[in-house]
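The values are calculated or read from the model by the stated rules, or taken from the named source; none is laboratory data. These numbers were taken from a predicted model, which means no experiment stands behind them. Note that we place each Cβ from the backbone using ideal geometry, even for glycine, and neighbour counts take in every protein chain shown. Protein only, heavy atoms only, side chains kept; ligands, DNA and RNA dropped before computing areas. Shrake-Rupley method; radii C 1.70, N 1.55, O 1.52, S 1.80 Å.
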Amino acid sequence: DGIMFARVRNQPEMLVVFRTPDERTRNPERLNLDRRQLDVCPFLEYEHRLRLLNYQNNNITKIQHLENLPSLIFLDMYNNKLASLEGPVSCARGLRVLMAGKNRLTAISNLTALKKLDVLDLHSNEIKQISGMGNLTDLRVLNLAGNMLTIVEGLSKLSALTELNLRRNSIQTICELDALPALQRIFLSHNKIATVDSMAPIFNVKYLIELSLDGNPISTIDPVIYRAVMADKIAGLKHLDLKRIADDERVEA
């Protein structure tokens, strides 16, 4: 397929990837290394124009060799074995999309320099706390579904955030979301939210139009009253648990 792998003679742990001129001409800005049984990120030779790099479905344990990719804007590390985000990801200052779902991450780290980041997907990891994202003021979409979170906090600086996915955690308490001026969609299905008071900041999210709370105790005690309370407390809400709030529901609420 025009992609060749080689080992460095005096550094057998170093893997290098070359592309044929024809392959690089066909896809000068994209490189797909999906399902290559990689244990490491290879050194990419002559790829200064590369913008999209796909490492999905390998066995990579740490991020490496991004320093010579000045044009990189999209990095996909989905379904690998990353234990940390440490390493040269901080050198990719133009990165707009970072996909690292389904790895072994226990913390959010090393993102301070990524001030242009637009989408961050860290779903299906083992993250217990939201932190380390104070500088991501351009971030619009954040996916932390399927982690080990118990409280929502550490997001107050994300002034551009429009969509927040926190499905399938163990969240009991919501904090700070009322400090996010652009937030429109919040997905909290299958958590442990039990009372109106524990999610109070959500009621002050000014432009909230979509909310999901199905699979939480609060949504199952009395479904009719639950929908009425949500419709009453969130004036602009259009969809609750993927179901449109009808006009008569809102009037009755």
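A few remarks follow.
- Per residue, the accessible area of segment 1-120 comes to 52 Å², computed with a 1.4 Å probe over protein heavy atoms only.
- Fully extending the segment from Ile225 to Thr61, taken as 0.36 nm per residue of separation minus the present Cα-Cα distance, adds 54.3 nm.
- Computed per residue of the chain from DSSP H runs no shorter than four, each worth -39500 (n - 2.57), the mean residue ellipticity at 222 nm is -2500 deg cm²/dmol.
- For segment 109-168: relative contact order, % (alpha-carbon pairs under 8 angstrom, 6 or more apart): 36 percent
- Relative contact order computed over segment 74-173 (Cα-Cα under 8 Å; 6+ residues apart), in percent: 22 percent
- Mean Cβ neighbour count within 10 Å, used as a protection proxy, ranking 87-95, 142-150 highest first: 142-150, 87-95
- Globularity ratio of segment 1-103, using Cα Rg and 2.2 N^0.38 Å: 1.00
- Rounded to 5, percent antiparallel among DSSP beta bridges of segment 1-147: 25 percent
- Cα Rg, Dmax, segment 131-253, angstrom units: 13.8, 43
- Based on C-alpha pairs under 8 angstrom that are at least 6 apart in sequence, the chain has a relative contact order of 9 percent.
- Here the chain carries DSSP beta bridges of which approximately 20% are antiparallel, counting only pairs with both residues inside.
- The stretch between His48 and Ser131, if pulled fully straight at 0.36 nm per residue, gains 26.7 nm over its current Cα-Cα span.
- Segment 191-218 versus segment 19-51: alpha-carbon centroid distance in Å: 44 Å
- Per DSSP, loop GluC sites (Glu not before Pro) in segment 46-149 with at most 16 further Cβ within 10 Å: Glu67, Glu86, Glu126
- Sites matching trypsin sites (Lys or Arg not before Pro) across segment 100-138 that sit in DSSP coil, with at most 13 neighbouring C-beta atoms within 10 Å: Arg104
- Just the protein heavy atoms count here, and of the accessible area of the chain at 1.4 Å, carbon and sulfur take up 49 percent.
- Under the simplified labelling scheme, the Asn68-Ala235 pair shows an inter-label distance of 5.8 nm, with each label point 7 Å from Cα along Cα→Cβ.
- Gyration tensor (alpha-carbon) shape descriptor, segment 48-140, a/c threshold 1.5: oblate
- Projected onto its three principal axes, the C-alpha set of the chain covers 73, 31, 29 Å, listed from the longest axis down.
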